1. Calculate the length of the line joining the C-alpha centroid of region 1-76 to that of region 289-327, in whole Å.
2. Using helices alone, what [θ] at 222 nm do you get for the chain, with -39,500 (n - 2.57) per DSSP H run of 4 or more residues, divided over all residues and rounded to the nearest 500?
3. Within the set of other residues whose C-beta is less than 12 Å from the C-beta of G410, count the net charge using Lys and Arg as +1 and Asp and Glu as -1.
4. Taking +1 at the Cβ of each Lys and Arg and -1 at the Cβ of each Asp and Glu, which of F219, I118, G72 sits farthest along the dipole of the chain towards its positive end, judged by Cα position relative to the Cα centre?
5. Per q in 0.18, 0.20 1/Å, what log10 I(q)/I(0) does a Debye calculation on the alpha-carbon atoms of region 308-420 return?
6. Once ligands and nucleic acids are excluded and a 1.4 Å probe is used, how much of H299 is accessible, expressed in Å² to the nearest 10?
7. Given the whole protein assembly as supplied and a 1.4 Å probe, what does the accessible area of I39 come to in Å², nearest 10?
8. Tell me the relative contact order for region 13-109 as a rounded percent, counting alpha carbon contacts under 8 Å between residues six or more apart.
Amino acid sequence: MFESSPFYQSALGQLLSVIPHTSLEPGVVERLRVPKRIITVSVPVRMDSGDTRMFMGIRVQHSLTAGPGKGGLRFAPTVDTGEVVALAMLMSWKCALLGLPFSGAKGGINCDPSAMSIGEQERLTRRFTAEILPFIGPTVDVMAPDMGTNEQTMAWIFDTYSIVTGSNCAQIVTGKPLETYGTLGRRAATGMGVVYTIEEAARRINLKLNGATAVVQGFGNVGSVTCEQLALRGVTVKGVADVSGHYFRDKGFDVKALMEYLKSNRTLAGFPGIDADKVSVDDFFTQPVDIVVPAAMEHQVTGKIARNLKCRLVAEAANGPCTTDADMVLREAHKDIFLIPDILCNAGGVVVSYFEWVQGIQMFFWSAEEVDNKLQQMIRRAFILTHGHATARGVDMRTGALALAVEKVGKEKAKRGLFP
Ligand code: GLU
């Protein structure tokens, strides 16, 4: 059951902790605690060996109040119901904070994509799409990439959905390739958003990015763009990490060279000299740098790590990267550290997903400049709103962000009423 998942428990704990900062009735809170739908399907796949294997696929719609469900689809061996339920709940708050006409959803398939061929991944994706077809749609639930999935995965979903329903439906998923109704700017959107929120935060704590230092955990779509954009702003990226390990180099990494290396190598391991830079996760996060960016996955920053942080800014580029303990440390013992909460920090991805969905509905496509301008507007506005709310209420940024978001979803529920 999802209730026993530590990640769900920390997401629920966050929700309940902000209720006193809202005006919501208990009946509405009751409805926000649990997801509206959990769809679990068995996905049979013919493997290259000729064997048939079953995979467990999940789609969770936390709420359907504010519009269609929206959220990524993740392929990872860690996927379980509790994780997906927690991530769907975070998507509800993220969409609400950014004022998007979506409700929170998330999906996952328990598998190890790095051990599967492209053909196996395609058959898995297409069969999963067919299995959950009655529960998705451009006005029902719209998926997007997340850990272990990418533009190609979205193209397969778009194609499968369109073939099976007999009509071309560009708005069924976002994060599609440009060739199939994708939008300019979607691939870099999450990392760009992360850096825009870092700029806003840095200004408020008088941190000059030019000359600042950072460590970034994760070098996937989000982490690599974040590193690249920080470096462009004069930040020395002293720490990088991926599945192969955590690496710290005091004189900083050449981010461009790392990105180049990854074009022909699967992981950072083997990059010239990097093996000598290997450090433990704890040492990685607790180096004396200005900015710490967890951009990998949930529950990476523990209470122990949080107590030993020496930075001025934590930017949560991943969803739920802090454990409940770490959250408490940051809120109480480490008030000196400015926290940019996940639902604000990494919202750039879903914001540009929204732009892609709108473009798909209209079949009218925007320039890269238009996408970036609108992204900046929405992210910076949400930052200002959150910071203003937190400051006025005398609460931390996470509480401020969640209070705004939860209040919005709760009020929508209250206004729509309870059927029957
Ligand atoms: N997977 C991303 C997230 O966690 C993007 C979701 C989307 O674009 O729908 O926010």
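1. 23
2. Roughly -14500 deg cm²/dmol at 222 nm, from the helical runs in the chain.
3. Taking every other residue near G410 into account, the sum is +3.
4. Toward the positive end, the furthest listed residue is G72.
5. -1.01, -1.12
6. Approximately 50 Å² for this residue.
7. The accessible area comes out at roughly 20 Å².
8. Working: 173 pairs, mean separation 26.7, N = 97.
RCO, region 13-109: 28 percent.
The values are calculated or read from the model by the stated rules, or taken from the named source; none is laboratory data. Worth saying up front: this structure is predicted, and the values here are computed from it rather than measured. Ideal geometry is used to build each Cβ from the backbone, glycine not excepted, and the neighbour counts take in all protein chains shown. Accessible surface is based on the protein model in full, side chains and every heavy atom, while ligands, DNA and RNA are left aside. Shrake-Rupley method; radii C 1.70, N 1.55, O 1.52, S 1.80 Å.
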